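The values are calculated or read from the model by the stated rules, or taken from the named source; none is laboratory data. Because the structure is predicted, anything quoted here is derived from the model rather than measured. Note that each Cβ is placed from the backbone with ideal geometry, even for glycine, and that neighbours are counted across all protein chains shown.
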Amino acid sequence: MRIIFSSNISWSIYNFRTPLLKSLQNDGHEIYTVANKDEYAEKLEAEGFNFEEIRLNNNTTNPIEDLKTIYSYYKIYKKIKPAVICHNAIKPNIYGTIAANILGIPTINNISGLGTLFIKKSFSTTIAKWLYKFSQKRATFVFFQNEDDLKLFVANKLIIKEKCKIINGSGVNTNRFHPTFKTTVTENFQFLFIGRLLYDKGIREYVEAVKILKPKYPNVSFAILGPLYKNNATAISEETLNSWINGGVITYLGQTDVVEEVIKYANCVVLPSYREGLSKVLIEASSMGLPIVTTNVPGCKDVVIDKETGFLCEVKNSIDLAAKMEKMLLLTNEERQKMGVKARERAVAVFDEKIIIQQYKDAIYAAV
């Protein structure tokens, strides 16, 4: 059967869904992907998936633009005639579901995080909630990636709990992301921030924490891995990034599709995010046996067990973040390795991608 996977950007589908799509393809299904076109569209096609471009402006809530978006989805979905559509990200979840409902096509949505609209309360938040309520009534099935997001939707009467289920993110290939436990000392310790360079990822707090720690530990490395994301309202500018690099505050490692080759040289992964669906970065770091410092917020606290697999810090608090990073730094190598072993065990038991793939397949086959 034909199955569509629709997200806001091609990178998202490639980065989070390729193993699932390959598994479905191997079962004999024809896979279509629908998203804004970027350099990852060709990579999706190289994997044998069909690609259809839809032009989404992720920074506007103009009602005329929204109607055009629904019509764009309608035309694409009518042309492909899929048996089922899987959506991810705010606009596909909302407008793609409305279009699919008009065509009578079942939909499986993934609320993989609440995004900036829900982090900052505003008139836009009110509109987004109404749109979610209107559209998700028409969804066949909805995955949430953490209990807090599900409870928020149910409490605000945006969704019926009976059609929802918690799924542990997009999973991790525990064979690809395997431990490389190493002995280290404070002088060559590396902290690594991984994520898109957005303020909502806590990159400002990370840099402020580095500025606190660097004078005290001049030989410790503080690195950043991840792309500039200029189309997002909370993206940092290239000028800001260059000021951090030129000022000797951080080491910028660019971006890569083989993140494990960078993680293996780190001693601790840091993600001071304001909120996540379920952080893929933290799952991958856990699978590689790295201890973590992250914020005590939904989507981060669901991965890290405080004081067992890492440390949780207060959100938007660079001083507390610096304190937790220093606490990690001053542990013995054996104490950090013990955290890493527990992180790896949890990744295998809870976050292995085989578990996630089967949950998606069960939902797809139940929907058609």
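Within segment 293-303, is there a residue that is of a type outside the set (V, I, T) and over 19 Å from the mean Cα position of the chain (by Cα)? Lay out the reasoning, then the answer.
Our first condition is that a residue be of a type outside the set (V, I, T); within segment 293-303, this holds for 296, 298-302.
Next, from what is left, pick out any that are over 19 Å from the mean Cα position of the chain (by Cα): none.
No, the conditions are met nowhere in segment 293-303.
List, please: which pairs have Cβ atoms under 7 Å, are six or more places apart or on different chains, and start with a residue in segment 338-360 that is assigned to a helix (DSSP H, G or I) and end with one that is basic (K, R)?
Close Cβ pairs satisfying both conditions: none exist.
Just one of the numbered conditions (1) touching an Asp or Glu at 6+ places or on another chain (Cβ under 9 Å); (2) at pLDDT 95 or above is not true of R275; which one?
Of the numbered conditions (1) touching an Asp or Glu at 6+ places or on another chain (Cβ under 9 Å); (2) at pLDDT 95 or above, the odd one out for R275 is (2).
Mind checking which residues of segment 97-113 are farther than 10 Å from Y77 by Cα, in a loop (DSSP other than H, G, I, E, B) and not small (G, A, S)?
Residue satisfying the conditions is P106 alone.
If E208 satisfies every condition in (1) part of a loop (DSSP other than H, G, I, E, B); (2) surrounded by fewer than 22 Cβ atoms within 10 Å (Cβ to Cβ) but one, which is the exception?
(1)
For the structure I just gave you, tell me whether F5 is in contact (Cβ under 8 Å) with a residue 24 or more places away in the chain, closer than 24 Å to N231 by Cβ and buried (at least 23 other Cβ atoms within 10 Å of the Cβ).
yes
Before we move on, is S273 in contact with a strand residue (DSSP E or B) (Cβ under 8 Å, 6 or more places away or on another chain), in a helix (DSSP H, G or I), in contact (Cβ under 8 Å) with a residue 60 or more places away in the chain and under 28 Å from Y217 (Cα atoms)?
It is false that S273 is in contact with a strand residue (DSSP E or B) (Cβ under 8 Å, 6 or more places away or on another chain), in a helix (DSSP H, G or I), in contact (Cβ under 8 Å) with a residue 60 or more places away in the chain and under 28 Å from Y217 (Cα atoms).
Residues being under 21 Å from the mean Cα position of the chain (by Cα) and surrounded by fewer than 24 Cβ atoms within 10 Å (Cβ to Cβ): count how many of those fall in segment 95-107.
Residues in segment 95-107 being under 21 Å from the mean Cα position of the chain (by Cα) and surrounded by fewer than 24 Cβ atoms within 10 Å (Cβ to Cβ): 0 in total.
How many residues are touching a Leu at 6+ places or on another chain (Cβ under 7 Å), modelled with pLDDT under 90 and outside any strand (DSSP E or B) if we restrict to segment 232-244? Walk me through it before giving the result.
Looking only at segment 232-244, we keep the residues that are touching a Leu at 6+ places or on another chain (Cβ under 7 Å), and these are 232, 234-236, 238, 241.
With modelled with pLDDT under 90 added as a condition, the list becomes 232, 234-235.
With outside any strand (DSSP E or B) added as a condition, the list becomes 232, 234.
Within segment 232-244, residues that are touching a Leu at 6+ places or on another chain (Cβ under 7 Å), modelled with pLDDT under 90 and outside any strand (DSSP E or B) number 2.
Only residues that are surrounded by 20 or more Cβ atoms within 10 Å (Cβ to Cβ) and either in a loop (DSSP other than H, G, I, E, B) or touching a residue at least 60 places away in the same chain (Cβ under 8 Å) (or both): list them for segment 17-53, please.
Hits for segment 17-53 are R17, L20, L24, V34, F49.
Check G310 against each of (1) surrounded by 21 or more Cβ atoms within 10 Å (Cβ to Cβ); (2) more than 25 Å from Q190 (Cβ to Cβ); (3) in contact with a Pro (Cβ under 6 Å, 6 or more places away or on another chain) and name the one condition it does not meet.
G310 satisfies every listed condition except (2).
List the pairs whose first member sits in segment 143-155 and is within 19 Å of I108 (Cα to Cα), whose second member is of a type in the set (S, T, Y) and part of a loop (DSSP other than H, G, I, E, B), and whose Cβ atoms are under 6 Å apart, counting only residues at least 6 apart or on separate chains?
Final answer for the pair search is Q145/S112.
Would you check if Y71 is outside any strand (DSSP E or B), in the same structural domain as I167 (by TED's automatic domain parsing) and on the phi < 0 side of the Ramachandran plot?
Yes, satisfied.
For segment 245-254, does any single residue satisfy the condition of being modelled with pLDDT under 95, touching a helix residue (DSSP H, G or I) at 6+ places or on another chain (Cβ under 6 Å) and more than 23 Å from G310 (Cα to Cα)?
Scanning segment 245-254 turns up at least one residue that is modelled with pLDDT under 95, touching a helix residue (DSSP H, G or I) at 6+ places or on another chain (Cβ under 6 Å) and more than 23 Å from G310 (Cα to Cα).
I245: surrounded by fewer than 17 Cβ atoms within 10 Å (Cβ to Cβ) and either outside the structural domain of E314 (by TED's automatic domain parsing) or out of contact with any His (no Cβ under 8 Å at 6 or more places or on another chain) (or both), yes or no? Working first, answer last.
Values: surrounded by fewer than 17 Cβ atoms within 10 Å (Cβ to Cβ): yes; either outside the structural domain of E314 (by TED's automatic domain parsing) or out of contact with any His (no Cβ under 8 Å at 6 or more places or on another chain) (or both): yes.
For I245, the condition - surrounded by fewer than 17 Cβ atoms within 10 Å (Cβ to Cβ) and either outside the structural domain of E314 (by TED's automatic domain parsing) or out of contact with any His (no Cβ under 8 Å at 6 or more places or on another chain) (or both) - is met.
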